[in-house]
């Protein structure tokens with residue numbers, strides 16, 4: 001991402017009450033598929049709403065995001081919740097993801113397709129990827145995110161390559177957006 005993206009996200013997180021604090025409903029609904037031990041990576045997790053929930057489940061969580069302002073909010077929230085959270089400020093379109101290996105990788109509402117080639121190599125054998133992103137159909141009811149940040153309908157299963165799909169659904173899901181939701185496992 002260009003530096004303008006970092007500035008945009010820093011400004012967004014700098015406004016009061018713009019960073020959601022509750023975990024994604026879609027992620028919470030997958031509770032029975034989420035491991036309770038091991039290392040988890042929250043990709044582009046902003047102010048930590050999902051990372052903190054994962055840490056509360058017992059995972060050793062690393063949150064990577066472009067916004068240092070968002071990461072500072074995540075660190076404060078983690079301290080308030082009395083959980084440990086590792087944070088990494090990085091532009092993941094220019095810098096590599098933390099190496100892992102990871103038992104769980106979570107990506108909620110961040111789409112950069114080249115990451116799908118990276119995920120299998122940084123997941124442990126048997127490791128889980130949870131990925132959710134709105135699709136182009138979302139524009140029928142919502143003007144954001146714009147089309148360049150949306151999946152094509154039916155695209156997500158084709159992106160996961162060698163990972164085994166454990167759960168997949170697409171439609172008008174819990175948070176009112178038309179989303180694709182996928183859980184996939186690296187073969188053992």
Going through region 53-62 one residue at a time, which ones are surrounded by 24 or more Cβ atoms within 10 Å (Cβ to Cβ), within 14 Å of the chain's Cα centre (by Cα) and over 16 Å from residue 131 (Cβ atoms)?
61
Give region 63-87 a look and list any residue that's part of a strand (DSSP E or B) and either touching a helix residue (DSSP H, G or I) at 6+ places or on another chain (Cβ under 8 Å) or touching a residue at least 40 places away in the same chain (Cβ under 8 Å) (or both), or say none.
63, 65, 87
Would you mention how many residues in region 120-143 are in contact with a helix residue (DSSP H, G or I) (Cβ under 9 Å, 6 or more places away or on another chain) and surrounded by fewer than 16 Cβ atoms within 10 Å (Cβ to Cβ)?
2
Over region 11-45, the set of residues in contact with a helix residue (DSSP H, G or I) (Cβ under 7 Å, 6 or more places away or on another chain), in a loop (DSSP other than H, G, I, E, B) and either modelled with pLDDT of 95 or more or within 27 Å of residue 125 (Cα to Cα) (or both) is 23, 24, 34, 36, 45
Take residue 104 and decide whether it is under 30 Å from residue 72 (Cβ atoms) and in a strand (DSSP E or B).
yes
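Identify all residues within region 75-99 that are buried (at least 19 other Cβ atoms within 10 Å of the Cβ) and closer than 18 Å to residue 123 by Cα; write none if there are none.
Going through region 75-99, the residues buried (at least 19 other Cβ atoms within 10 Å of the Cβ) turn out to be 78, 83, 85, 87, 92, 97.
Residues satisfying the conditions are 92, 97.
Of 184, 174, 117, which residue is in contact (Cβ under 8 Å) with a residue 40 or more places away in the chain, exposed (fewer than 15 other Cβ atoms within 10 Å of the Cβ) and under 21 Å from residue 63 (Cα atoms)? Before you say what the answer is, go through the steps one by one.
Working: 184 fails: exposed (fewer than 15 other Cβ atoms within 10 Å of the Cβ); 174 fails: under 21 Å from residue 63 (Cα atoms).
Residue meeting the stated conditions: 117.
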Can you find a residue that is touching a strand residue (DSSP E or B) at 6+ places or on another chain (Cβ under 9 Å) and within 14 Å of residue 33 (Cα to Cα) anywhere in region 147-164?
yes
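Here's the yes/no breakdown for (1) modelled with pLDDT of 95 or more; (2) outside any strand (DSSP E or B); (3) closer than 19 Å to residue 24 by Cβ:
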position: 99; (1), (2), (3): no, yes, no
position: 129; (1), (2), (3): yes, no, yes
position: 132; (1), (2), (3): yes, no, yes
position: 154; (1), (2), (3): yes, yes, no
position: 162; (1), (2), (3): no, yes, no
position: 168; (1), (2), (3): yes, no, yes
position: 179; (1), (2), (3): yes, no, yes
position: 182; (1), (2), (3): yes, no, yes
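The values are calculated or read from the model by the stated rules, or taken from the named source; none is laboratory data. Owing to the predicted nature of the structure, the values given are computational and were not obtained by experimental measurement. A quick note on method: Cβ atoms are made from the backbone with ideal geometry, for glycine too, and the neighbour counts reach across all protein chains shown.
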